[in-house]
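The values are calculated or read from the model by the stated rules, or taken from the named source; none is laboratory data. From a predicted model like this one, the values you see are computed outputs, not experimental measurements. Backbone-built Cβ (ideal geometry, glycine too); neighbour counts: all protein chains shown.
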């Protein structure tokens, strides 16, 4: 991590990643860039559907390949780059047939490394195989939930899942949330873990830096009026006055409460629920 001299109060504890040492320094490929309209957390009617979003620096979207539909064609990593839309770094790979694509960079990936997507690929970092070909105890990332639909699990910086068992046509995976669930053996996953594992150690340091990132302020429910939040109201500083914490819409939230939909369609695939609250790290 890169720290700074305390030239101001906000600078004292602020940290950033040493990008010069971690990235290759190349500019993004224009053919893989496209513009994206900023929604600022609002839907087509202009109503806020995702709070605390808005503003921020202008960004261009990188087209990331999560499907990996180029099978049995080796690829070579050309660059390691920063992506403003995700916590993980991305790598530009050149396939043997001349096609270039962006992928999420695995841990310890460097320019010149090679990878391949194949049923017979060796179990090595960056390679992609079907779950049935991945042995128990292997760390994986960018995992599919439906065969051929593209990776949706374990994609952010430093994340990985672990294969804990194979049974009845399913692989049992321990996810970053500590949940253990079944995924079809026909789904594909990449070997290793996502790079930029120090992302969670970054200290933003000041409110202005959050605004550059497009993050707007979060107001506590207890600081609001009763008409605005279930925790609001009261003379002076008050507790929430409720046994269990609630969201703006009256749904249970935080403090170790179970918030999963009781009849969710995927409950049949859950072997062990994720741990929540203070005991999660135990």
* Would region 219-227 turn up any residue that is at positive phi and more than 22 Å from the chain's Cα centre (by Cα)? -> no
* Could you grab the pairs with beta carbons closer than 8 Å, sequence gap of 6+ or different chains, first residue in region 7-29 and within 19 Å of residue 109 (Cα to Cα), second one at pLDDT below 90 and assigned to a loop (DSSP other than H, G, I, E, B)? => 17/1; 18/1
* Selection count where residues are in contact with a strand residue (DSSP E or B) (Cβ under 9 Å, 6 or more places away or on another chain) and free of Cβ contacts under 8 Å to residues at least 24 places away in the same chain, scope region 208-242 -> 4
* **Considering residues of region 179-194 that are outside any strand (DSSP E or B) and within 18 Å of residue 116 (Cα to Cα) only, the residue nearest to the chain's Cα centre (by Cα)** => 193
* Asked: Can you spot a residue in region 247-270 that is exposed (fewer than 12 other Cβ atoms within 10 Å of the Cβ) and more than 30 Å from residue 182 (Cα to Cα)?
  -> yes
* To do: Determine if region 160-171 includes at least one residue that is part of a loop (DSSP other than H, G, I, E, B) and under 23 Å from the mean Cα position of the chain (by Cα).
  => yes
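Okay, residues lined up against (1) assigned to a strand (DSSP E or B); (2) loosely packed, with under 13 Cβ neighbours inside 10 Å; (3) touching a strand residue (DSSP E or B) at 6+ places or on another chain (Cβ under 7 Å); (4) assigned by TED's automatic domain parsing to the domain that holds residue 121:
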{"site": "5", "(1), (2), (3), (4)": "no, yes, no, no"}
{"site": "11", "(1), (2), (3), (4)": "no, no, no, no"}
{"site": "25", "(1), (2), (3), (4)": "no, yes, no, yes"}
{"site": "38", "(1), (2), (3), (4)": "no, no, no, yes"}
{"site": "55", "(1), (2), (3), (4)": "no, no, no, yes"}
{"site": "71", "(1), (2), (3), (4)": "no, yes, yes, yes"}
{"site": "79", "(1), (2), (3), (4)": "yes, no, yes, yes"}
{"site": "83", "(1), (2), (3), (4)": "no, no, yes, yes"}
